[in-house]
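Values quoted throughout were computed directly from the atomic coordinates according to the rules given, and no laboratory measurement underlies them. For clarity, every value in this text was computed on a predicted model and none was experimentally measured. All Cβ positions, glycine included, derive from the backbone under ideal geometry; neighbour counts span all protein chains shown.
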Amino acid sequence: MLGRDAFIHPRPTLVSNARLVRLICMELPARTPLALLPTPLVFCERLSEAWGGPRIWMKRDDLTGFELSGNKVRKLEFHFAAAAAAGADTVITCGALQSNHSRATAFAAARLGFRSILLLRRNPGEQLRLIGNYLLHHLGGAEVRLITPEEWEQRDLLMAEVAAAEAANGHPAWVIPEGASDALGMWGFVLATRELADQIAQIPGDLPVVWHAASSGGTTAGIGWGFDRLAVDIPIVACSIGDPAGTIREKVDAIWSEAGAATGAKQPEISIEYIDNHVGGGYGRVTTEELTIQTEASSLTGTILDPTYTGKAIVGLRREISSGRFSRGDNVVFWHTGGGFAALAHDFTGIVAAAPPAAGSD
Ligand SMILES: Cc1ncc(COP(=O)(O)O)c(C=O)c1O
């Protein structure tokens, strides 16, 4: 738990950051621009008022594009640059049936002229409904291959095998790991911290807490690395949406080690708070109470939150506000990492009021 003092820091200024920004750029790999950047930082006046705690801001990464909306596209910019440099004409990745990452990969591939192959995990009994991201995977022109939860456990091996088979058929392929969360994809969020540092320099009051949904670890790794290099000792909360906190920490540490080995750069010293007390029933499982909080947040911010990621993270924030973690006047930046299309695949019956059937209809 962060103490109140942890929130009080000197303001980052653009001038003092300039040298540090150059340092980040020296470590930076090649990048193919795909996202609409910078995304805005928006004050959520009605949500802050209604929830009665800190001043809540949203970093609107749900606006990184339409088909490419969300946090994944920042990471994919680095993977597609590497794929092109490696002479690949095909990208291979993996995810859940409603994976935001797989959808963004399919559309980035379509935009840049790559073939895409998606290995999607289908849980027992899970219906194959062409809705949300699962529809978009197909509209983006991806070749979809379904895998079992057991195969999912071997996903890196499977993707390597598919890549070898594609290469043997004359299609050099680039493998993008789950969530594009590795030492390459991480750089998307390292760059994003520069954006946010400039924006929070304009916020009155103490440095905000940066609150975000964490799963495969790339977003957290980039945020931590970036603020470490900017020397902005900002409180960062990685709100797990499924895994134990220790697992997310291990993933982030592994990405940092990999990045350190690749660049010779030193490991970040910044501390990140990992929490897992809001995962509820686990990945992708939501209760009526959670959906109700998400729906309230949507209607008070005019943004779409998805039940699996941003919805869970906003539920966590809501509960921590209720438990008195923040004072009025504290600032929180909720990093809205997207997921709107997955929300459209979710059944909100009983959560939102449906219009009564028209007279004479079934
Ligand atoms: C909408 C959304 N938010 C957050 C995350 C979590 O990001 P990461 O996997 O980098 O931890 C994901 C991952 O799929 C996502 O789709």
The chain: antiparallel DSSP beta bridges as a percent of all, rounded to 5: 10 percent
Reachable aspartates and glutamates from LYS266, criterion Cα separation under 17 angstrom, eight or more residues apart if same chain: GLU27, ASP182, ASP228, ASP233, ASP253, GLU258
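With r as the distance between the Cβ atoms of ALA358 and GLU153 and R0 = 45 Å, compute the FRET efficiency 1/(1 + (r/R0)^6) and round to 0.05. Don't jump to the answer; show the numbers that get you there.
Numbers: r = 49 Å, r/R0 = 1.08.
Between GLU153 and ALA358 the formula returns 0.40.
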Long-range amide H partners of TRP57 with built H, under 5 Å: CYS44, VAL332, VAL333, PHE334
Full-extension gain in nm, GLU273 to ASP347, via 0.36 nm per residue minus C-alpha separation: 23.4 nm
Lysines with Cα under 19 Å of LYS312, excluding same-chain neighbours fewer than 8 positions away: LYS59, LYS72
Candidates GLU161, GLU290, GLU273, ranked by Gaussian network fluctuation over the chain, Cα under 10 Å, top entry: GLU161
